[in-house]
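**Q** I am attaching a structure below and will ask some questions about it afterwards.
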Amino acid sequence: MSIKEQLTADMKEAMKKHEKDRLSVIRLVRGAIRQAEIDGGHKELGDDEVIGVISKEVKMRRDSIEEFKKGNRDDLVEKTQAEIDVLMPYLPAQLSEDEVRALVKEAVEKTGAKTPKDMGKVM
């Protein structure tokens, strides 16, 4: 099942269960995906492109949370975090910081990089 199909199925489920907040977020993301398709010449987006749209939406919300924290708007922080929680299951699992550090360490060892000048080899 594609991510778009999963979003549609989850939207229907949210309608049946009367989950207004979840339904609102899913509709908003589906609208963003539709807009991306229109902007791309009515081309059907694949899963990778849909993930890109969802990632963009999550990033926008994370940026909003930072601004809401600066303005002491805890109510909006909670609401926006709840929206992020709805979107995260549609994204692939993120690596933890420790996993990223282990991958970088492994790459440095494989390339034999010793100085910052060797960074190109590591990448």
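**Q** From the list ARG101, ARG34, ARG30, which one is surrounded by 15 or more Cβ atoms within 10 Å (Cβ to Cβ) and not aromatic (Phe, Trp, Tyr)?
**A** None of the others qualify; the one that does is ARG30.
**Q** Continuing with the same structure: Are any of the residues in segment 49-56 touching a helix residue (DSSP H, G or I) at 6+ places or on another chain (Cβ under 6 Å), closer than 24 Å to SER2 by Cβ and of a type in the set (D, E, K, R)?
**A** There is no residue in segment 49-56 that is touching a helix residue (DSSP H, G or I) at 6+ places or on another chain (Cβ under 6 Å), closer than 24 Å to SER2 by Cβ and of a type in the set (D, E, K, R).
Values quoted throughout were computed directly from the atomic coordinates according to the rules given, and no laboratory measurement underlies them. Note that the structure is a prediction, hence the values are computed from the model and not measured. Positions of Cβ are backbone-derived with ideal geometry, glycine not excepted, and every protein chain shown enters the neighbour counts.
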